[in-house]
Amino acid sequence: MNKQNSNQIKGRQSNHGDFYLPVCLSHLGKPPLYMAVAYWGLLKKTPFTRDDLSTAFHITVRRAADVMTYIYSERQNCITSRKSLVSIGSGHSCLYLQILAVIEPAPLRQAYQPPERRRISAYNKEGQQELWHWLLTRPVKGDTE
């Protein structure tokens with residue numbers, strides 16, 4: 001079997017693309033991309049750029065930049081990172097991210113759902129027929145027969 005195919009991880013949602021899991025992370029199973037990147041960065045022990053990430057995980061540079069942004073802005077609760085912008089001249093800068101610590105995120109708790117309510121009909125069929133008969137045959141105000 002092709003080594004690249006064995007480390008290919010399918011996205012969990014239709015809008016999540018596939019990515020390649022580096023061999024040094026094969027013991028993780030099938031982690032989400034952001035966790036794989038966090039562990040990879042922790043093992044690397046040096047700052048990395050979106051280009052490094054794109055090459056290591058076989059993803060687009062745009063997606064690599066998005067994952068880096070997600071890690072340092074949305075996942076501060078489980079990933080400790082340091083970002084730095086390095087000026088590379090002519091008004092351009094390059095973002096470097098260094099992963100300092102990774103804590104496995106707690107599993108999502110199931111939201112509380114009250115027990116299902118059973119709908120019980122207030123009237124049985126005979127009761128409904130009696131009610132209809134009464135409504136149709138009752139005297140109407142002002143009706144003098």
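Just a few scattered comments:
- Those residues of segment 35-51 which are outside any helix (DSSP H, G or I) and surrounded by 20 or more Cβ atoms within 10 Å (Cβ to Cβ), in sequence order: Phe48
- Segment 56-72, residues that are in contact with a strand residue (DSSP E or B) (Cβ under 9 Å, 6 or more places away or on another chain) and without any contact (Cβ under 8 Å) to a residue 24 or more places away in the chain: Thr69
- Among the residues of segment 70-95, those that are outside any loop (DSSP other than H, G, I, E, B) and either modelled with pLDDT of 95 or more or exposed (fewer than 14 other Cβ atoms within 10 Å of the Cβ) (or both) comprise Ser73, Glu74, Arg82, Ser84, Leu85, Val86, Ser87, Ile88, Gly89, His92, Ser93, Cys94.
- In segment 102-133, the residue that is modelled with the highest pLDDT out of those that are assigned to a helix (DSSP H, G or I) and surrounded by 10 or more Cβ atoms within 10 Å (Cβ to Cβ) is His133.
- Among (1) within 24 Å of the chain's Cα centre (by Cα); (2) not in a helix (DSSP H, G or I), the one test that Ser54 misses: (2)
The values are calculated or read from the model by the stated rules, or taken from the named source; none is laboratory data. The structure presented is a predicted model; accordingly, all values stated were derived computationally and were not measured. We place every Cβ from the backbone using ideal geometry, glycine too, and count neighbours over all the protein chains shown.
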